[in-house]
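No value in this document is a laboratory result; all are computed from the given coordinates. Treat the numbers as computed from the prediction; the structure is a model and nothing was measured. Neighbour counts run over all protein chains shown; Cβ positions are idealised from the backbone, glycine included.
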Amino acid sequence: QVQLVESGGGLVQPGGSLRLSCAASGNIFSISTMGWYRRAPGKQRELVATITSSGSTNYADSVKGRFTISRDNAKKTVYLQMISLNPEDTAVYYCNMRQGTFTSWGQGTQVTVSS
């Protein structure tokens, strides 16, 4: 069974940076599409960024140029580097793994952008 464990969330001032990490268990990380999603208070969960097994990336328009998704297959870890954070980025950030019809979610990590 796959487990995803996120880390790196916290409180940051507007304009600041954070790097989220998601460590995966199991043996399908390298062939899976990994993604970051977020749910802001009172809103539905939305896509932030994805990265395929071959390294192709996709970003929500709201984070393009500020967020960077990357992966380390040897460490079975996906990262989300976030810069120029603003209060609208406040949300619980979730890691996602997809491979064929299989999908798995992490428990989420809180990111709060506030002065």
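Annotations
- Extension reserve of the residue 57-residue 112 stretch, reckoned as 0.36 nm per residue once the Cα distance is removed: 17.3 nm
- Its relative contact order, with pairs defined as Cα atoms under 8 Å and 6+ residues apart, puts region 1-65 at 22 percent.
- Site pair residue 43 and residue 72 shows an inter-label distance of 3.0 nm when each label is modelled 7 Å from Cα along Cα→Cβ.
- Considering only alpha-carbon pairs that sit under 8 angstrom and 6 or more positions apart, the relative contact order computed for the chain is 37 percent.
- Applying both filters, DSSP loop and at most 13 other Cβ atoms within 10 Å, to the trypsin sites (Lys or Arg not before Pro) of region 1-74 gives 43, 64.
- Only the Cβ atoms of Lys and Arg (+1) and of Asp and Glu (-1) were treated as charged; on that basis the dipole of region 1-80 about its Cα centre amounts to roughly 100 debye.
- Each other residue within a Cβ distance under 14 Å of residue 28 adds +1 if Lys or Arg and -1 if Asp or Glu, for a net charge of +3.
- Within the same chain, aspartates and glutamates fewer than 8 places from residue 76 are excluded, and of the rest, those with a Cα less than 16 Å from its Cα are 6.
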